[in-house]
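Colleague: So that we are looking at the same thing, I have put the structure below in structure tokens.
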Amino acid sequence: MPKPTIVTLPGDGIGRTVLDEALRVLGAAGFEANYVESAIGWEFWRTRGYPLPQHTLDLIAEHKIALFGAITSKPKDDAFAELAPELKEKDLVYSSPIVGLRQHFDLDICLRPCRSYKGNPLNFIRRNAEGGVDEPEVDVAIFRQNTEGLYGGVEWSNPPAQVHDALMTHTKFRQNFSHTAVGELSISTRIFTRQATERILRAAFDHARHHGYSSVTLCEKPNVIRETSGMMYKLAQQIQISEYPDIELWNTNIDAQMMWLTKNPENYGVIVAGNMFGDIVSDGFAGLIGGLGFAASAQYNSDTGIGVFEPTHGSAPKYAEYPVSIVNPIAMIEAACMMLDFIDEQTISSRIRDAIAIVIAEGKVQTYDMQRLPGKVDVVDRGAASTKQMADAIITRL
């Protein structure tokens, strides 16, 4: 078999640091690949006016698999302020390059697993009826529709006349907003399509069946957002009855789910949601397994075979300036494991995860977040492992 070619996208801030450590771990585990690096992120926006270069899209289209570090993303006005002076007259508007990647390649399925490692001092605990402490095992796979919904980008401030006129045909809009001046309106749409909704639902049910989960929980808000969440729930019911009768379908509202996940997280297996609610609930569950230092994400299109794999943390530019990197690389390494799973290299991904589990259970090597230290420049002197030291410990166990 020829070596696969992986497109690496370090991005901004700590992206390069954690990506480099993940590549070291992949090599130590015996994974052989050709790596080609490409650009994405804030510097390209600031200096060239676009954060997602065409040559990056071309490379991903050719090689199909990308490992992504992190990007800096800022609000509209802040993004414009940082443009090079010669670009400010070109009517440029910043948009997230990772969202651009998802939409360009129709990476509509996003999987965010949240599994707790035994011995992680950041794991969620709760008091039990006897006055002691329980540490429930968390093993949740969250499927998030990745290209539509509130993140679809169909938005207006001071909407044009034809948009306003169309909205005025809706009774609720006329009742509640007809007296608001158009210049005072900002509107974001929430668009669900039947095709994409069915795809994410089937991906969730397929995962549950393949990995032995007994239930799929739809986490939306159909009692209030009746058209979009309502459609998703109706389709989930139809798909479950006709195709997956062996798997239970649970229905929770996003607000109630955020309460229940800290009461009984062990009850949930696979969760599926639209774009915004999937983003929210995945961060909530990530908090139960140690936070962003342990949270990874896969976004892919199963028809084209294109996949992008990343940690869910940001670029943390402050930490990128430290003389010794202190950030936890496990999320990036977990993202690399998800990439291995996607390209049918499960033996290697299992070896890496086993090595991570041993290092965490031993408790001898812990990054600053695992020691609950503030992210100061001196934490390595206080006993916390650096980014490299954590990767070294995993490689030693390999």
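Colleague: Along the range 207-224, what does the Karplus equation 6.51 cos²θ - 1.76 cosθ + 1.60 (θ = phi - 60°) give for ³J(HN,Hα), rounded to whole Hz, x for Gly and Pro?
Modeller: In residue order, the calculated couplings are 4, 4, 5, 5, 9, x, 7, 8, 9, 10, 9, 8, 10, 9, 8, x, 6, 10 Hz.
Colleague: What are the residues whose amide H is under 5 Å from the amide H of N251, where those residues sit 5 or more places off or on another chain and H is modelled from the backbone?
Modeller: L218
Colleague: Right, another one. Quick check: from the Cα gyration tensor, does the range 189-335 come out rounded (a/c under 1.5), prolate or oblate?
Modeller: It comes out prolate by the Cα gyration axes.
Colleague: Separate question: For the chain, set up a Gaussian network in which alpha carbons nearer than 10 Å are linked by springs, and say which option among R351, R102, R194 fluctuates the most.
Modeller: Taking springs between Cα atoms under 10 Å, the residue moving most is R194.
Colleague: Counting only DSSP beta bridges with both residues in the chain, what percent are antiparallel, rounded to the nearest 5?
Modeller: 45 percent
Colleague: So how much slack lies between A81 and M1, counting 0.36 nm per residue of separation and subtracting their Cα-Cα distance, in nm?
Modeller: Numbers: separation 80, 0.36 × 80 = 28.80 nm, distance 4.91 nm.
Here the segment from A81 to M1 would lengthen by 23.9 nm.
Colleague: For a quick check: with amide H placed at 1.01 Å from N, whose amide H comes under 5 Å from Y50's, ignoring anything fewer than 5 positions away on the same chain?
Modeller: Counting only residues 5 or more places away or on other chains, the set is W45.
Colleague: Which FRET efficiency, nearest 0.05, do T169 and W250 yield, Cβ-Cβ r, R0 41 Å?
Modeller: Efficiency at R0 = 41 Å is approximately 0.65.
Colleague: Moving to a separate point now. In angstroms, what radius of gyration and Dmax does the chain have, counting Cα atoms only?
Modeller: Considering the chain through its Cα atoms, Rg and Dmax are 22.1, 67 Å.
Colleague: Once phi is turned into ³J(HN,Hα) by the Karplus curve 6.51 cos²θ - 1.76 cosθ + 1.60 with θ = phi - 60°, what whole-Hz value does each residue of the range 229-245 show in order, with x for glycine and proline?
Modeller: Listing the rounded values in order: 4, x, 4, 4, 5, 4, 5, 4, 4, 5, 5, 5, 5, 7, 10, 9, x Hz.
Colleague: Let me have the 222 nm mean residue ellipticity of the chain computed from DSSP H runs of 4+ only, each contributing -39500 (n - 2.57), with the sum over all residues rounded to the nearest 500.
Modeller: The per-residue figure over the chain is -12000 deg cm²/dmol.
Colleague: Of the listed peptides 138-145, 246-253, 172-179, what is their order by residue-averaged count of other C-beta atoms within 10 Å, with the highest listed first?
Modeller: 138-145, 246-253, 172-179
Colleague: A follow-up question, please. Can you work out the Karplus-derived ³J(HN,Hα) for every residue in the range 327-342? Use 6.51 cos²θ - 1.76 cosθ + 1.60 with θ = phi - 60°, whole Hz, and x for glycine or proline.
Modeller: Listing the rounded values in order: 6, 7, x, 5, 4, 5, 5, 4, 4, 5, 5, 5, 4, 4, 4, 5 Hz.
Rule-based calculations on the coordinates, nothing more; no lab input. These numbers were taken from a predicted model, which means no experiment stands behind them. No Cβ is skipped: glycine too gets one built from the backbone with ideal geometry, and neighbour counts run over all protein chains shown.
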